[in-house]
1. Which count do you get for residues in the range 1-48 that are at pLDDT 60 or above and assigned to a helix (DSSP H, G or I)?
2. Out of the range 53-72, which residues are more than 14 Å from the chain's Cα centre (by Cα) and small (Gly, Ala, Ser)?
3. I need the full set of residues from the range 27-43 which are within 12 Å of Ser73 (Cα to Cα) and not small (Gly, Ala, Ser), in order please.
4. Find the residue count for the range 49-59, including only residues that are part of a loop (DSSP other than H, G, I, E, B) and either surrounded by 10 or more Cβ atoms within 10 Å (Cβ to Cβ) or in contact (Cβ under 8 Å) with a residue 24 or more places away in the chain (or both).
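The values are calculated or read from the model by the stated rules, or taken from the named source; none is laboratory data. What you see is a predicted model; the values in this text were computed from it and never measured. Virtual Cβ from ideal backbone geometry, glycine too; neighbours counted across all protein chains shown.
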Amino acid sequence: MDRQLTINVSFIPTTQHITMAKKIGVVGITKAENVQLGLLLKYLFTNDKVLQSLPNDVLVSKEAFTQLCGRYSA
């Protein structure tokens, strides 16, 4: 008896490499929480009087703060 080997190609691993960035911080934030965070950042970033009144221990990296605000400015 001749037997045939059937290979299902959908289960053969590919050589594609997927690079995932390491995520740090809040995981599983809701859409509403994300919107609220964006609005708070926008308020802080666009209100110079409030921004200048933040103590140094709250705003430790102005560059990182600016980059974070840029993500929510779209």
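1. 17
2. If the condition is that a residue be more than 14 Å from the chain's Cα centre (by Cα) and small (Gly, Ala, Ser), then Ser53, Ser61 are the ones that fit.
3. Scanning the range 27-43 gives Val35, Leu37, Leu39, Leu40, Leu41, Lys42, Tyr43.
4. Of the residues in the range 49-59, 2 are part of a loop (DSSP other than H, G, I, E, B) and either surrounded by 10 or more Cβ atoms within 10 Å (Cβ to Cβ) or in contact (Cβ under 8 Å) with a residue 24 or more places away in the chain (or both).
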